[in-house]
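Enquirer: Structure in structure tokens, see below.
Since every read-out is calculated from the coordinates, none of them should be taken as a lab result. All values reported here derive from a predicted model rather than from experimental measurement. Neighbour counts run over all protein chains shown; Cβ positions are idealised from the backbone, glycine included.
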There are 2 protein chains.
Amino acid sequence: MCQLLGMNCNVPTDIVFSFTGFATRGGRTDVHHDGWGIAFFEGAGVRHFVDHAAAVASPVADLIKRWPIKSKNVIAHIRKATQGRIALENCHPFVRELWGRYWVFAHNGDLKDFKPELNGAFQPVGNTDSEMAFCYLLQEMRRRFGGTPPGLPELTSALRELTGAIAAHGAFNMMLSDGSALFAHCSTNLHYIVRKHPFATAKLSDEDMTVDFSQVTTPNDRVAVIVTAPLTDNETWTQFGQGEMKVFVEGEPVAL
Amino acid sequence: MCQLLGMNCNVPTDIVFSFTGFATRGGRTDVHHDGWGIAFFEGAGVRHFVDHAAAVASPVADLIKRWPIKSKNVIAHIRKATQGRIALENCHPFVRELWGRYWVFAHNGDLKDFKPELNGAFQPVGNTDSEMAFCYLLQEMRRRFGGTPPGLPELTSALRELTGAIAAHGAFNMMLSDGSALFAHCSTNLHYIVRKHPFATAKLSDEDMTVDFSQVTTPNDRVAVIVTAPLTDNETWTQFGQGEMKVFVEGEPVAL
């Protein structure tokens, strides 16, 4: 199994604090040493970093921990290989284009007997069940809505149906974003927190690191962090229900 | 206008020497300060770095200069904006998937009245003529060959025709790679060199830096470097003809 980290905000925010705790699980406090990756939306563009070295030993992970890239939507992943060999093409997150937007996807879980019919519009480059699921999602999104992206309620409804169908094959904890919304589906383990005014101090569980968010934010900032297992031990995280998909926009879950 | 750098080798090779000279043109010895990018194939996977900061001021460019990533196919680009604002989504190289492989593309030049009909299979995310040309190339490749990639001779023949047609709209110096071959089309300016046994010492034109390749290679290594303007001043570079497209495989141009 792997671990997922996502961030959705109403102003571009850096993820240095959360990523530092998360990356520590990639080979030091946990067993996820078969690669890692992170993607940051910046406007319509994406900065995409993947590495098949363990996150704790990766020069790129080191750069990310020192360089406060600001983004409204981030998805990160550390990998413990279950399907697919340890190789760059099998590292999440994956990035593809649909409707003139980039889509970023990462998955934690293990799908059994998942062999969807792919029409060739989106084909996996590597050999993971995860990239297969991503290609299938994008194919079905285009099949349902054609060349024009639907509104968020219609898209959410379609994704609930599609993720539910995929999850019938096994654990399908996943995050998907087009840079405006972040969709998170939970099969087994996913937690989130919304940080907003009044901001407090947070302490990482995996590293001896504390940050006083009131010093680095304005009262209007709102940041949702979604992760496999809570990153801090002095805040209250909300656990997703099994089979639940939430949609985060501008730093909070929206009812759709 | 922009500048292009490509490398195609028969063994994974690092591009630190060439990239160091090339990146210096991104804001110091030349005017290309509107972003830069580089993509490295590693097996079927791609490491993709883009930044809208000048290459000389970019923390990622600094990492690339210090970290010897080994690859058989690399494409890099430094940008002087002609079309499209300075933004991450407009930085080359661009990466898309076709036939279950990643394709990497970068362009130098300026296309006028280039408005190809796009069927939606590949849509630009940014607003450059370059990304439009890339989407059009991939669309036409799929239209001609369907879901199965053709052999290299057939693909080369199709690309000669397509790049020629695009070049009718203006300067279209471009590089395209799927990780096995590197296609380079010249409208105005492109040079290449093949380094092989017996290796000699090379001296950068843009930086006070010298490397003795005989110390860092084996006699079987072969490396083709393709670039807008020669990077070294003590080697003989071959200039492409106007309208010429060359295909590099395993470190040398092949006759197709």
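Enquirer: In whole Hz, what ³J(HN,Hα) sequence does segment A:80-94 give by Karplus (6.51, -1.76, 1.60; θ = phi - 60°), x for Gly and Pro?
Expert: 10, 4, 10, 10, x, 6, 6, 7, 4, 5, 9, 7, 8, x, 9
Enquirer: Let me ask another. With angles folded into 0 to 90 degrees, how steeply does helix A:129-145 sit against the dominant principal axis of chain A? Use alpha carbons for both and round to 10.
Expert: Approximately 70 degrees, to the nearest 10.
Enquirer: In nm², what is the average projected area of the convex hull enclosing the Cα atoms of segment A:1-112?
Expert: The Cα convex hull of segment A:1-112, projected and averaged over all directions, gives 7.0 nm².
Enquirer: Same structure, new question: Between A:Asp221, A:Asp212, A:Asp14, find the one with the highest GNM mean-square fluctuation for chain A; connect C-alpha pairs within less than 10 Å.
Expert: Highest fluctuation among the options: A:Asp212.
Enquirer: Here is a further query. Quote the relative contact order of segment A:3-250 in percent (integer), defining contacts as alpha-carbon pairs under 8 Å separated by 6+ residues.
Expert: 23 percent
Enquirer: What lysines could a cross-link reach from A:Lys115, if we take a straight Cα to Cα line under 26 Å and drop same-chain neighbours fewer than 8 places away?
Expert: The qualifying lysines are A:Lys80, A:Lys246.
Enquirer: Take chain B, connect every pair of alpha-carbon atoms lying under 10 Å apart with a spring to form a Gaussian network, then pick out the residue of B:Pro230, B:Pro219, B:Pro68 with the largest mean-square fluctuation.
Expert: Of the options given, B:Pro219 has the highest mean-square fluctuation.
Enquirer: Looking only at other chains, what is the average number of their beta-carbon atoms within 10 angstrom of each beta-carbon in A:135-148?
Expert: 1
Enquirer: Now a separate question. So what's the net charge close to B:Tyr102: Lys and Arg +1, Asp and Glu -1, counting the other residues with Cβ under 15 Å from its Cβ?
Expert: Charge balance near B:Tyr102 sits at 0.
Enquirer: In Å and whole numbers, how far do the C-alpha atoms of segment A:188-236 stretch along each principal axis, longest first?
Expert: Projected onto the principal axes, the Cα atoms of segment A:188-236 cover 34, 23, 13 Å.
Enquirer: Can you list, bin by bin at 20 Å, the percent of alpha carbon pairs in the protein assembly as shown, starting at 0?
Expert: 23, 55, 21, 1
Enquirer: Please identify, among A:Gly179, A:Gly164, A:Gly120, the residue showing maximal mean-square fluctuation in a Gaussian network model of chain A using a 10 angstrom Cα cutoff.
Expert: A:Gly120
Enquirer: Could you work out the mean projected area of the convex hull around the alpha carbons of segment B:91-155, in square nanometres to one decimal?
Expert: 4.8 nm²
Enquirer: For chain B, find the longest principal axis of its Cα atoms and tell me its angle to the long axis of helix B:152-167, 0 to 90°, nearest 10.
Expert: So the helix axis and the longest Cα principal axis differ by about 80 degrees.
Enquirer: Could you compute the FRET efficiency for B:Ala165 and B:Val194, with r as their C-beta to C-beta distance and R0 at 30 Å, rounded to 0.05?
Expert: Using R0 = 30 Å, I get an efficiency of 0.55.
Enquirer: Students often get this wrong: which residues of segment B:168-183 have the backbone nitrogen under 19 Å from the point 7 angstrom along Cα-to-C-beta of B:Val254?
Expert: Answer for this model: B:175-183.
Enquirer: Using modelled amide H (1.01 Å from N, peptide plane; none on Pro or chain starts), what sits under 5 Å from the amide H of B:Phe172, excluding residues fewer than 5 places away?
Expert: B:Ser187, B:Thr188
Enquirer: What 222 nm value per residue comes from the helices of chain B, counting each DSSP H run with n ≥ 4 as -39,500 (n - 2.57) and dividing by all residues, nearest 500 deg cm²/dmol?
Expert: -6000 deg cm²/dmol
Enquirer: Follow-up question, since we're still on this one. Please arrange B:Cys9, A:Cys186 by counting, for each residue, the other beta carbons lying within 10 Å of its beta carbon, fewest first.
Expert: So the residues, fewest neighbours to most, are B:Cys9, A:Cys186.
Enquirer: Any chance you could check the Cα centroid distance between segment B:126-183 and segment B:17-84 for me, in angstrom?
Expert: The distance from the Cα centre of segment B:126-183 to that of segment B:17-84 comes to 22 Å.
Enquirer: A further question follows. Over its Cα atoms, what ratio of radius of gyration to 2.2 N^0.38 Å does segment B:101-215 give?
Expert: 1.29
Enquirer: Shifting gears a bit: Taking a label point 7 Å out from Cα toward Cβ, give me the nm distances from A:Asp208 to the same spot in the other copies, shortest first, one decimal.
Expert: Sorted ascending, the copy-to-copy spacings read 4.4 nm.
Enquirer: Moving on. Taking 1 over the mean of 1/r across every pair of different Cα atoms in segment A:3-250, what Kirkwood radius in Å do you get?
Expert: By the Kirkwood definition, the hydrodynamic radius is 18.1 Å.
Enquirer: At 7 Å along the Cα-to-beta-carbon direction for both B:Thr218 and A:Arg85, put a label point, then send me their distance in nm to one decimal.
Expert: In this crude spin-label approximation the distance works out to 1.9 nm.
Enquirer: Under a crude label model (7 Å from the Cα following the beta-carbon direction), how far is A:Gln239 from B:Thr29 in nanometres?
Expert: Each label point lies 7 Å from its Cα, and together they span 6.1 nm.
Enquirer: Continuing with the same structure: Give the order of B:His197, A:His52, A:His191, A:His92 when sorted by the count of other beta carbons within 10 angstrom, beginning with the fewest.
Expert: B:His197, A:His191, A:His52, A:His92
Enquirer: Right, something else. Which of B:Thr163, A:Thr210, A:Thr218 comes first, and how do the rest follow, when ranked by fewest Cβ neighbours within 10 Å?
Expert: A:Thr218, A:Thr210, B:Thr163
Enquirer: Could you pull out every one of the lysines with an alpha carbon less than 18 Å from that of A:Lys65, ignoring same-chain neighbours closer than 8 positions?
Expert: Cα-Cα hits under 18 Å: A:Lys203.
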